[in-house]
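Contents: one structure, followed by commentary.
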Amino acid sequence: MSTGEDKFLLKDHLFNKKKVESLADEILPVYPEFARDQFIKDTVTGFKDRELKARISWMAETLKKHLPDDYRRALRIILRALPPPMDPSLADDDFGDFIYAPYNEFVAQNGCHASNLTISLKALHALTMRFSAEDAIRYFLNAFPEETMEKIHEWKYDSHYHVRRLCSEGLRPRLPWAKKIKLPSALAIPVLDELFADSTRFVTRSVANHLNDISKENPSLVLETLRRWKATGKQNEKEIQFIVRHSLRGLIKDGHPGAMKALGYSPEPPVAIRALKMPEKVRMGTSLEFQFQIEAKKSCKLIVDYLIYFRNKAGKLNRGKVFKLKALSIKNGETILMKKSHKLQEKLTTRKMYRGEHGLEIQINGKSFGRKKFDVY
C-alpha cells in the first residue's frame, strides 16, 4: 500500500538538495568567496513550505543574498558558472534543467531596468539555452516592449533552436504559469511568420501552441495565418499539417466551422444519429454508459465528441464541457456503433460534481446531434 512518503512530487524531483548542490558546485569555482554550504542550507530550508514556482523565486532570492550586491558583477558570475548550452543539433524533447530557472528569475527580479537592459537581454539569450527564459522575458516585454521586440526579431534567426523557440513561447498570450503580457497578440504574427518554417518540432510546436492561444481571442486571424503559411510552401507537408491540427485543436473542440473546414471536415456532416441509448439515472461514483449509431448518407470524415452539461451548486447547467470520442472516416451507407463509459466523480481537481439533473449531447464536426437528460443520485 502506498503511503504519503511514496507520493511523487514534481517540485521535489526538480528542486531538492542534490540539485542545489550541483548548482552551488558550478558557482564556487568562478566565485571562490561563495558561501556554498550556507547557500545550500538557506535554499533547501526555504523549499519546505513552497510549491514549484515559488521555489524558483525563492532560489532567486537566495542567489541575490549570496552573490555580490552589484547586479552586473553577480550576473557575470552566473554566466561564467553556466554549463555548456543544450545540444543545438537536436530537434525536440530537450527542455533543459529546471535548476537553472532561478537564474532567469534572478535577471527578471534584479535586471529589468533601463540601465541594465542590454546586458539583461544578452543574459536571457545565454540562459534560455540552458533552461527556457519564456517567463523572464515577459517582464522585459512589459517594461521595454520596443527594445525587447527588436531583440526578438533578431533572435528569430538565431542558430540555436532554444533561442528561436523563446521568440514564440515568450510572446504567447496564454503561456501557462507565466506573467501576463500587455502586448496585442497580433504583434507576434511577424515573428511566427518566420518560425513556422523551422526545422525543429520544439519550435513548431510552440508556434502551434501560440496560435491556439490566439484562436481563443481571434479565430479569423489564426485561420488566415494558417492559409497564408500553407500557400508559401516553406514548410514540408507533414509538418504544416501538424501545425494546422495543433493550432486549431481548441477551435475544433468548440466546433468552429472555419476550423473544421480547414482540416477537411464538413461543418454539416451528411450523417444521422440512431438509437442513442443511456440510462435515465446514474449513481455518483459509477459511470455513465451510453452508445449510439452513426449512419452515413455520404462518405466523409468525422470528429465525434460528446458534451456533458454539469449541474452547478446553484442547480443550473453549465455551457457544456467537450470530451473527445473519436476521429474517423465513414463510407456512404455505412453504420458505425459508438460506445463510451464516462466516470462520474464527485470530487475532481478542477471542479465538484453535484447530484441532480445533467445533460449529454452528441457533437459531430462541431454540430449538435441531440441532447438527453440524466439524473445523478
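The values are calculated or read from the model by the stated rules, or taken from the named source; none is laboratory data. The structure presented is a predicted model; accordingly, all values stated were derived computationally and were not measured. Note: ideal-geometry Cβ built from the backbone for every residue, glycine included; neighbour counts use all protein chains shown.
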So for the stretch 274-291 (the condition being surrounded by fewer than 16 Cβ atoms within 10 Å (Cβ to Cβ), closer than 30 Å to I243 by Cβ, more than 27 Å from the chain's Cα centre (by Cα) and touching a residue at least 40 places away in the same chain (Cβ under 8 Å)), does at least one residue qualify?
no
Is there a residue being under 18 Å from A101 (Cα atoms) and either at pLDDT 95 or above or touching a strand residue (DSSP E or B) at 6+ places or on another chain (Cβ under 7 Å) (or both) anywhere in the stretch 29-41?
yes
If we keep just the residues of the stretch 330-349 that are of a type outside the set (G, A, S) and without any contact (Cβ under 8 Å) to a residue 40 or more places away in the chain, which is surrounded by the most Cβ atoms within 10 Å (Cβ to Cβ)?
E334
Does at least one position in the stretch 258-266 carry a residue that is at pLDDT below 95, more than 18 Å from L328 (Cα to Cα) and part of a helix (DSSP H, G or I)?
yes
For the stretch 106-200, give me every one of the helices (runs of 4 or more DSSP H) that falls completely inside it and has 1 or more residues that are farther than 20 Å from R72 by Cα, polar (S, T, N, Q) and out of contact with any Pro (no Cβ under 9 Å at 6 or more places or on another chain).
136-143, 161-169
Pick from K41, K65, K53: which is assigned to a helix (DSSP H, G or I), surrounded by fewer than 19 Cβ atoms within 10 Å (Cβ to Cβ) and free of Cβ contacts under 8 Å to residues at least 12 places away in the same chain?
K41
So, in the stretch 132-151, exactly how many residues are of a type in the set (A, V, I, L, M, F, W, C) and either crowded, with 23+ Cβ neighbours inside 10 Å or closer than 12 Å to V107 by Cβ (or both)?
4
Just checking, how many residues over the stretch 295-340 are part of a strand (DSSP E or B), farther than 15 Å from E357 by Cβ and among the charged types (D, E, K, R)?
8
Restricting the stretch 71-90 to residues that are closer than 26 Å to K179 by Cα and of a type outside the set (K, R), the one nearest to the chain's Cα centre (by Cα) turns out to be M86
Across the stretch 350-377, which residue is nearest to Y309 (Cα to Cα) among those that are buried (at least 18 other Cβ atoms within 10 Å of the Cβ) and of a type in the set (S, T, N, Q)?
Q363
If you scan the stretch 218-234, which residues turn out to be at pLDDT 95 or above and assigned to a loop (DSSP other than H, G, I, E, B)?
N218, K234
Being surrounded by fewer than 14 Cβ atoms within 10 Å (Cβ to Cβ), touching a residue at least 24 places away in the same chain (Cβ under 8 Å), closer than 25 Å to T335 by Cα and within 26 Å of the chain's Cα centre (by Cα) is the requirement here; does G255 meet it?
no
Mind listing whichever residues of the stretch 292-325 are of a type in the set (A, V, I, L, M), closer than 19 Å to V271 by Cβ and in contact with a Gly (Cβ under 7 Å, 6 or more places away or on another chain)?
A296, L307
For the list (1) surrounded by 13 or more Cβ atoms within 10 Å (Cβ to Cβ); (2) hydroxyl-bearing (S, T, Y); (3) touching an Asp or Glu at 6+ places or on another chain (Cβ under 9 Å), I need the number of the one condition that S299 fails.
(1)
Only one of (1) in contact with a helix residue (DSSP H, G or I) (Cβ under 8 Å, 6 or more places away or on another chain); (2) within 25 Å of S199 (Cβ to Cβ); (3) at pLDDT below 95 fails for F95. Which number is that?
(1)
Lone qualifier among V222, V163, V203 - being crowded, with 23+ Cβ neighbours inside 10 Å, more than 17 Å from C112 (Cβ to Cβ), free of Cβ contacts under 8 Å to residues at least 40 places away in the same chain and not assigned by TED's automatic domain parsing to the domain that holds G111:
V222
